[in-house]
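Below: one structure, written as structure tokens.
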Amino acid sequence: MTLVVREQVDLRPYNSFALAVRARWFAELTTDEQAIEALNISQTLDRPIRVLGGGSNVLLTSDLEALVLHVRTQGIRILSDDGAQVILEAEAGELWQDVVQYSLQQGLSGLENLSLIPGTAGAAPVQNIGAYGVELRDVCAGLTALDCYSGQLKDFTPEDCAFAYRDSRFKREAGRWLVLRVRFCLSRYAPLHLEYGLIRQRLHEQGCTEPTAAAVSAVVCAIRQEKLPDPKILGNAGSFFKNPVISEQQAQSLRAAYPNLVAYPQAHGQVKLAAAWLIDQAGWKGFREGDAGVHRLQALVLVNYGQATGAQILDLARRIQEDVVERFGVLLEMEPVLF
Ligand code: FAD
Ligand code: NAP
């Protein structure tokens, strides 16, 4: 099937902030062949390609003079199974939660802590999605991507992906790679990760003494639904800032000034601060100006109450950054990708 390119498409339904921005050209991608076709069209138009999955980690700040590709490719399959370890592959356009559900139905563990993260499988490696002590890099067995510069397909090992905290080669080399399918190394027997947040406590309250991956997933889903605003009701892109990682020395001097500082020790003598705590202390939690605001319960989540523009959300984010730097000497890095 040839690629259908539409013009002047309203992207409001395609981004979780529900920002009203137009794509000059827009197409839904359902096959690899269409991806190659899209490269040719973008060359003819002399305009870049912007890849959009579920739009849950982007901030659209102005109309896009680009060919926006909404990735809709489908398919989840088991590539190998030795009875203990299973390699699962998902097409980029599959919803992330459908991949998690599929893995649980097969009796596999590895993805349960990443349950209910919005968006698509293809975007998961882009920011090395993470939650409740697990990151994509812990389970990624590699992926296949199209090099939009050369038109060649390339297989990546996990090492090639250069995963880092909410980051990867694909996020850093924006515009170059179109992830087509992702592979996961999952297990029938690996231990579960229960140490993070409320997981163990909730399982205990339920009388669950021998938890399964499915039980952990159910707990994670329940906690997330209690804590996080649903983008269908209130526009947002999840955490807007990454948790800053600083030196133990800097953490010590901050602790002297703020004894309640929320900080978690990391490898190599570094310390991760809870960005939400910094924003809350600085008085931004619940702040609202026009329709752009900071969620009243989740200081890390910027929200669109209805008619905010991407530029207004960005302006608010920059003001929070400046204030936090002034008060704590710590720069909060934005997590969503700016379009
Ligand atoms: P998009 O927003 O469409 O795209 C994000 C970036 O990836 C863009 O640069 C885009 O160009 C690129 N991209 C998308 N698809 C492809 C592809 N196939 N090939 C190449 N590049 C691509 N994130 C977490 O890490 N952990 C969480 O717990 C979490 N919770 C969230 C909760 C809420 C309520 C919301 C709204 C967001 C949350 N997020 C979380 C952020 C977001 O859901 C993830 O980053 C997710 O992986 C984004 O997927 P997407 O398909 O929506 O990507
Ligand atoms: P939470 O459990 O209330 O924890 C607050 C912060 O403290 C988190 O950012 C988390 O860092 C950190 N933290 C908590 N326990 C920790 C531990 N034992 N060791 C190290 N760090 C710890 O957070 P939440 O807001 O409800 O979110 C729960 C999980 O979902 C978190 O992992 C969070 O990252 C993830 N999440 C991500 C997004 C997003 O858009 N990126 C949105 C919602 C939720 P980490 O963030 O590094 O885990």
Normalised radius of gyration for the chain, please: alpha carbon Rg relative to 2.2 N^0.38 Å, two decimal places. 1.02
Whole-Hz Karplus couplings 3J(HN,Hα) for the stretch 26-36, θ = phi - 60° and coefficients 6.51, -1.76, 1.60, Gly and Pro as x, run 8, 8, 9, 9, 10, 9, 4, 4, 5, 5, 5
How large is the charge dipole for the stretch 185-269, taken about the Cα centre, if only the Cβ atoms of Lys, Arg (+1) and Asp, Glu (-1) carry charge, to the nearest 20 debye? 160 debye
Whole-number Å³ per residue for the convex hull built on Cα positions in the stretch 1-66: 82 Å³
Estimated Rh, the stretch 259-311: Kirkwood, alpha-carbon pairs, angstrom: 12.5 Å
What number of lysine-lysine pairs in the chain show an alpha-carbon separation below 30 angstrom, given a sequence spacing of 8 or more or placement on distinct chains? 15
Under unit Cβ charges (Lys, Arg +1; Asp, Glu -1), what dipole magnitude, rounded to 20 debye, does the chain have relative to its Cα centre? 620 debye
The stretch 128-163: chymotrypsin sites (Phe, Trp or Tyr not before Pro) falling in loop per DSSP and having at most 16 other Cβ within 10 Å: 149
Counting only the backbone N, which residues of the stretch 58-73 are under 20 Å from the spot 7 Å out from the Cα of residue 2 toward its beta-carbon? 67-70
Residue-by-residue Karplus 3J(HN,Hα) for the stretch 318-333, coefficients 6.51, -1.76, 1.60, Hz, glycine and proline x: 5, 5, 5, 4, 4, 5, 5, 4, 4, 6, 10, x, 10, 8, 8, 8
Percent of Cα-Cα pairs more than 14 Å apart in the stretch 226-284, please. 63 percent
To make sure I understand, if each residue's beta carbon is the centre and we count other beta carbons within 10 Å, what order do 209, 31, 157 fall in, fewest to most? 209, 157, 31
Points 7 angstrom from Cα along the Cβ direction at residue 212 and residue 224: gap in nanometres? 2.0 nm
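Rule-based calculations on the coordinates, nothing more; no lab input. As the structure is a prediction and not an experimental result, all values here were calculated from the model. Ideal geometry is used to build each Cβ from the backbone, glycine not excepted, and the neighbour counts take in all protein chains shown.
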